[in-house]
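Q: Provided herewith is a single structure, encoded as structure tokens, for subsequent inquiry.
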Number of protein chains: 2
Amino acid sequence: MSMERAGRFSNMVVRRPLLAKQVKIDDQFWSPRVQQVKDVMVPYQWEVLNDRIAGAAPSHAVENFRIAAGEKEGPFQGWVFQDSDVAKWLEAASYCLANEPDPDLDDLVDVVVHLVTKAQQEDGYLDTRFTIKESEKRWTNLRDNHEMYCAGHMIEAAVAHYEATGKRTLLDTICRLADHIDAKFGPQPGKKRGYPGHEEIELALVKLYRVTGEDRYLQLSRFFIDERGRIPHYYNIEAQTRGDNQPEGQYVKTYSQAHVPVREQDVAVGHAVRAMYLYSGMADIAIETGDEALAKACRHIWTNLTTRQMYITGGIGSSVHGEAFTFDYDLPNDTAYTETCAAIGLVFWAHRMLLLDSDRKYADVMERALYNGVLSGISLGGREYFYVNPLEVWPEACEKRHDHGHVDVVRQPWFDCACCPPNIARLLASIGQYIYSHDEEALYVHLFVGSAVRCELKGRRVSLTQETGYPWTGQVSLVVGCEDASPFTVAIRIPGWSRGATLAVNGVAIDAAASPDADGYARIEQSWRDGDRIELGLPMPIQRVRAHAAVREDAGKIALMRGPVVYCLEEVDNGPNLSRLCLPRDGALGLEEPDEALGGVCAIRGVARRRRSSTEQADALYNAANLEEDEVPIRAVPYFAWGNRRPGEMIVWIRETMRPEAAGPGR
Amino acid sequence: MSMERAGRFSNMVVRRPLLAKQVKIDDQFWSPRVQQVKDVMVPYQWEVLNDRIAGAAPSHAVENFRIAAGEKEGPFQGWVFQDSDVAKWLEAASYCLANEPDPDLDDLVDVVVHLVTKAQQEDGYLDTRFTIKESEKRWTNLRDNHEMYCAGHMIEAAVAHYEATGKRTLLDTICRLADHIDAKFGPQPGKKRGYPGHEEIELALVKLYRVTGEDRYLQLSRFFIDERGRIPHYYNIEAQTRGDNQPEGQYVKTYSQAHVPVREQDVAVGHAVRAMYLYSGMADIAIETGDEALAKACRHIWTNLTTRQMYITGGIGSSVHGEAFTFDYDLPNDTAYTETCAAIGLVFWAHRMLLLDSDRKYADVMERALYNGVLSGISLGGREYFYVNPLEVWPEACEKRHDHGHVDVVRQPWFDCACCPPNIARLLASIGQYIYSHDEEALYVHLFVGSAVRCELKGRRVSLTQETGYPWTGQVSLVVGCEDASPFTVAIRIPGWSRGATLAVNGVAIDAAASPDADGYARIEQSWRDGDRIELGLPMPIQRVRAHAAVREDAGKIALMRGPVVYCLEEVDNGPNLSRLCLPRDGALGLEEPDEALGGVCAIRGVARRRRSSTEQADALYNAANLEEDEVPIRAVPYFAWGNRRPGEMIVWIRETMRPEAAGPGR
């Protein structure tokens, strides 16, 4: 059904994301986070990029630009993709400017834009690594060298900067870079038939096409997507050209989703961030061109990813080895890699799938990742970050076990490989883009975030103002704004996790929420007047969620969720050795008042049974004696808020016991 | 209490292991295995050592001796410790000759002994690696080069050969080797104060001392033990001498238990096999010299190992990284390394601790390792081996997950690093040595194995003949043999796992089993007459065993045991995804008749609940819906017998549910 819908929509109308400027956030949950990007993260990250934060891993990213621009002498330092940190910072700063004018930040961004432009070469080439060092190796190793990845991030930054400020400074620079790349790569004779090892430029070129209207950028993006994984394999061709006659193995090709042409792919594989960026680009091309084969591949991969390879937090990529997907239902909690950037990438892709096919399943996953696996990547204060987001942490194992060495117990001020911090900044600063979308008929409400959106529908300027205490309450009110009576549809997502949603228009209950359309949206089609009010009520019980029986790691366990928020147990609230706890199936669970010390989250209280460590137990490692348990109170906090107090253990999946709470007559 | 006993015994009397020749095995469980060593393993392994088995990893071990002996030309091949495979083969073959004369095998052994002797150098040095290649590097890197490790195995082989055949051929050769080492190493001026990176020679030299009476060998062993870990550190000294001025890090020192002097050690650390061989040597020295500080260190380490770091199978060393111990209660089942050789080493050490301190806890662990973690290392047919013995196997993870890459799903015909197969052969062929021991007062029965033992007690020649169907039944009969009325004590171990043991002498019940001494032995002290019969009855219910609450991996799970035998579930009996199964706490479990197709083991039958994979379940990865379960029959087989049918999943630890079996009145 959703595929039919999808076909209909994608053939009928191109739906594009809203601009950052079209949506204003005014929300108790998100506004402080958006503000934090501007007040804390952007200034802090600027200091880090300039190597001025003691204790943070050195970046050298801005220094590289100064050297490439001829302002200083020195060697290139950092990863081959170091430039992308500056690009993501520029993009995040631009979204901040779109949200709220700030002359000082605007000036600083102008300085950086000037520096970037100065670092560009005569022919449009822009990459400090191969400008400062080994310029003869430009474009000789697309598989490893990340030149196109950095270019992609620069393009995203330029588009964001132009849309936020109206200034063409960075956009013009970056169009010269895109033109340079277009001159080197493509199906035309004399050009190389290459494509990047780390995808990113594909989705970026679609953004550039949308803002410039320049079809060449769309065609170049499609070329990169079409060419990927074709035989003869470009990784082999360029390796031979370099004099490396060892053909590249299947592992490296799968790692970058280049093992087969993309339209033949139906399973999420390889490096998870690369995968998300590729699939996002594929969806973009499908949206823009109506390419059904691409859309179909996206849908198949989506189904595999979200029903076989995704953690309950929206974290993806379970293995540190290759930062990659492994195989269906392999979702270890304690060694989970689940890179913050991969969850961010999942939000990007979900958003595009939602534009491609209106179906709440995409918004459900987008919301799941946003409230859990993305937000866990940043401390409540905004200055510390997790790169890896496991669902279970035993600090002693992280310290002493070789196969847990990738798990940090506390968030870090920066990383040697610092992709995640600026990535989360740019996502949070542009969160407004993900809440709504529209086509010719309808204005869609995908996320419940206090905000106001303005758009044109059927030639009329309309607005919608959303108020809500989500995710702590399920009450959402939406007020329509329009100049005169406007017939259009308001399509409101009824989340997949909800039961018994209610809807009222101007105080009159309507049935739409109880029986949303097959795509999960409740559609209210009427002639709207200014000030019309829609009230959505989403009951928000605390839910015990089980994983599919094939997920071995979660057998016999439950996770607590309320609305979209996944909860966890922390040692600071529940004492050490969280594996000793089990939750009775029917035990009562209650919600606490907002915890201001923890950013206003609502914690969950309950009673668990805890295995006793008696004196005998303390010595015998294996024992046939009976199990002794005590009743103890437990407290669960949102997963995203964990690790903001004392370092300690954490678990998402909690053992469940079937033991009846009340003693029966037989006892 | 046991430490007091220990002090008493170790100060009073030196107890030594029985000779292989003193015990004859006639047992339905062990005799076929002992016979298999002679009929299958020794001939098969001889073929492998000569590189004549297709599909087995090449050994080159015999070829190296031919080259070193000057019979052939060629390069050394294999590991630096390749010689030890030949030594362990010689030792196993010698035990076979002790068990049963065999002129053909005797001739073959003579040929190998001749070859080994021919490979010895003028000065007594014997190690093909540094004879064929880089002889200038002899004894320059004790930390890594395994020369003393190989020498130790040669010494053990020589002692076994002499005791089995009375021939001094190999013994004389090996005494020249030991003398060579004694001339090079020791506390005396002009000698190096070195000790081996891989312990083994310490326990071997004690054996050589016992058989030759030559005190120098005991003193050399003690020197190696005393010197270990002292400052200045020998690893640093020899590194500097080699021109390597990078001082060795703590990791490598801990890896080989050389991080601090041995008397200061109280936790099992580092490479598990090395650790077992060291601790065995320490116990040997404590037995022979009455060194209480050494005995105390052994006891502390033992407590740590067996109450914090040992799997229920007697497997030890949980980490593939360094084949090593990690930390207390860190006992992952699926990534467990638990090398076969480490479990064998635990048997060696437990045996010595039992001689040092009479306490059933040592025999309990020895038995646990023997029936589980050791025997799992070999196929029922005797030709395939596990190097790694995990307690949970998911074949897809072993194939696809980088952190499971060390786990073989099926036993292998040989290994590139082939320490385990000949090690298991020498242990099985000498199993008789582990059943009994004696001091001046008492004859101890540690293990229940059909057998006859002869020894001298209080100047009288006595014997004991044991008959039993153990481990499948708990009925054990012991018949005393003596020329005339002999007053001595028969001390029978009442296993730690047993409840309600009974004892009778000549049909008359006695109380000793119900209240054994504090050391766990039931002592019957009387004037014995020839033919007196003791009947021991050990009730053998199927037991549900739980791990200590601190073992996170086993939380909420049980293991099935009966007597000393740990059971497991295999996919071939129970279908795929064993994590879906859980055992009701009070569900009935029953014993099957012996399964001849599986070597006569008694399997366990029961009923479990299995999570259903319904159509809805099949798609949703996370679901708040209720759990649906079916009742299904399950079959558990002994852990040691797993993997002898089709490849598939296996688990030892099974989830337990508290759900009552019968519906109460409230339902």
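Q: Determine, from the Cβ-Cβ distance of B:H402 and A:D328 and an R0 of 22 Å, the FRET efficiency 1/(1 + (r/R0)^6), rounded to the nearest 0.05.
A: 0.85
Q: Would you mind giving the mean number of other chain beta-carbons within 10 Å of the Cβ of each residue in A:540-548, as a whole number?
A: 4
Q: While we're looking at this one, here's another question. Take the solvent-accessible surface of the protein heavy atoms, probe 1.4 Å, and return the percent of it on segment A:436-537 that carbon and sulfur atoms account for.
A: Of all accessible area on segment A:436-537, carbon and sulfur atoms account for 44 percent.
Q: What lysines could a cross-link reach from A:K21, if we take a straight Cα to Cα line under 19 Å and drop same-chain neighbours fewer than 8 places away?
A: A:K38, A:K88, A:K167, A:K207
Q: A further question follows. Using a Cα-Cα cut-off of under 30 Å, which lysines could be cross-linked to B:K557, ignoring same-chain neighbours fewer than 8 residues away?
A: Candidates past the 8-residue exclusion: A:K400, A:K557, B:K361, B:K400.
Q: Just in segment B:369-469: which trypsin sites (Lys or Arg not before Pro) are loop by DSSP and have at most 14 other Cβ atoms within 10 Å?
A: Those satisfying the criteria are B:K458.
Q: What gaps in nm, shortest first, separate A:A518 from its twins in the other copies when you place the label 7 Å past Cα toward the beta carbon?
A: 7.9
Q: Now, a different point. Take the alpha carbon atoms of segment A:257-283, find their center, do the same for segment A:484-550, and report the distance between the two centers in whole angstrom.
A: Between the Cα centre of segment A:257-283 and that of segment A:484-550, the gap is 33 Å.
Q: Continuing with this model, one more query. If amide H atoms are built 1.01 Å from N in the plane of the peptide, which residues on other chains or at least 5 residues away come under 5 Å of the amide H of A:I378?
A: Long-range HN contacts for A:I378: A:F386.
Q: Using the 7 Å Cα-to-Cβ label point, sort the distances from B:D619 to its equivalents in the other copies shortest first and give them in nm to one decimal.
A: So the label point of B:D619 gives 5.8 nm to the other copies.
Q: Next question, about the same structure. Nearest 10 degrees is fine. How inclined is helix B:420-429 to the longest principal axis of chain B, computing both from alpha carbons?
A: Once rounded, the angle reads 90 degrees.
Q: Another question about this same structure. List the distances, in nm and shortest first, from the label point of A:V40 to the matching label points in every other copy, placing each point 7 Å from Cα along the Cα-to-Cβ direction.
A: For A:V40, the inter-copy label distances come out at 6.5 nm.
Q: Taking the Cα centre of segment B:174-213 as the origin, how large is its charge dipole in debye, to the nearest 20, when only Lys and Arg (+1) and Asp and Glu (-1) carry charge on their Cβ atoms?
A: Working: 7 positive and 5 negative charges, 31 e Å.
Magnitude of the dipole: close to 160 debye.
Q: Would you mind working out the magnitude of the charge dipole of chain A relative to its Cα centre, with +1 at each Lys and Arg C-beta and -1 at each Asp and Glu C-beta, to the nearest 20 Debye?
A: 980 debye
Q: Additional query: With +1 on each Lys and Arg Cβ and -1 on each Asp and Glu Cβ, and nothing else charged, work out how big the dipole of the protein assembly as shown is about its Cα centre, in Debye to the nearest 20.
A: Dipole of the protein assembly as shown, to the nearest 20 debye: 880 debye.
Q: Something else about it: For the Cα atoms of chain A, what angle does the longest principal axis make with the long axis of helix A:83-99, in degrees from 0 to 90, nearest 10?
A: It works out to around 70 degrees.
Q: On a C-alpha basis, how far is the centre of segment B:55-104 from the centre of segment A:617-642 in Å? Whole number, if you could?
A: So the two Cα centres are separated by 52 Å.
Q: Turning to a different aspect of this structure: Tell me the relative contact order for chain A as a rounded percent, counting alpha carbon contacts under 8 Å between residues six or more apart.
A: Value for chain A: 13 percent.
Q: Skip the ligands, DNA and RNA, and give the accessible area per residue of segment B:542-662 with a 1.4 Å probe, whole Å².
A: 35 Å²
Q: Calculate, for A:D51 and A:D104, the FRET efficiency according to 1/(1 + (r/R0)^6) with r their C-beta to C-beta distance and R0 30 Å; round to the nearest 0.05. Could you put the intermediate results ahead of the total?
A: Numbers: r = 21 Å, r/R0 = 0.71.
It comes out at approximately 0.90.
Q: Using only Cα atoms, tell me the angle between helix B:292-308 and the longest principal axis of chain B; keep it within 0 to 90° and round to the nearest 10.
A: 30 degrees
Q: Report the chymotrypsin sites (Phe, Trp or Tyr not before Pro) located in segment A:14-121 that are in a DSSP loop and have at most 13 other Cβ atoms inside 10 Å of their Cβ, or state none. Write out the running numbers ahead of the final one.
A: Working: sites: A:F29, A:W30, A:Y44, A:W46, A:F65, A:F76, A:W79, A:F81, A:W89, A:Y95; in loops: A:F29, A:W30, A:F76, A:W79, A:F81.
Sparse-neighbourhood loop chymotrypsin sites (Phe, Trp or Tyr not before Pro): none present.
Q: Going by a 1.4 Å probe on protein heavy atoms, which residues of segment A:395-430 end up with at least 10 Å² less accessible surface in the whole assembly than in their chain alone?
A: Going by heavy-atom accessible area, the residues of segment A:395-430 that drop by at least 10 Å² are A:E396, A:K400, A:R401, A:H402, A:D403.
Q: In nm, to one decimal, how far is the B:R605 label point from the A:A588 one, both placed 7 Å along Cα→Cβ?
A: 4.7 nm
Q: How much accessible area is lost when chains A and B come together, counting both sides, with a 1.4 Å probe, in Å² rounded to the nearest 100? Numbers along the way, then the final one.
A: Values: alone 25670 and 25680 Å², together 46100 Å².
Between A and B, the summed buried area is about 5200 Å².
Q: Moving on to the next point. Which value, to two decimals, describes the C-alpha radius of gyration of chain A once divided by 2.2 N^0.38 Å? Walk me through the numbers before you get to the answer.
A: Numbers: Rg = 25.4 Å, N = 667, 2.2 N^0.38 = 26.0 Å.
For chain A, the normalised Cα radius of gyration is 0.98.
Q: Also, quick follow-up: For segment B:542-662, what class follows from the C-alpha gyration tensor (a ≥ b ≥ c being the square roots of its eigenvalues): rounded when a/c is under 1.5, otherwise prolate if a/b is larger than b/c, else oblate?
A: prolate
Q: What is the calculated FRET efficiency for B:K192 to A:S477, with r their C-beta to C-beta distance and R₀ = 60 Å, to the nearest 0.05?
A: Numbers: r = 85 Å, r/R0 = 1.42.
About 0.10, to the nearest 0.05.
Q: A further question follows. Once you sort the root eigenvalues of the Cα gyration tensor of the protein assembly as shown as a ≥ b ≥ c, which label holds: rounded (a/c under 1.5), prolate (a/b larger than b/c) or oblate (the other case)?
A: Details: a/c = 2.57, a/b = 1.73, b/c = 1.49.
Prolate, since a/c reaches 1.5 and a/b exceeds b/c.
The values are calculated or read from the model by the stated rules, or taken from the named source; none is laboratory data. On a predicted model such as this, the values are computed, not experimentally measured, just so you know. Every residue, glycine among them, receives a Cβ derived from its backbone with ideal geometry; neighbour counts consider all protein chains shown. With ligands, DNA and RNA removed, areas are computed over all heavy atoms of the protein, side chains included. Shrake-Rupley method; radii C 1.70, N 1.55, O 1.52, S 1.80 Å.
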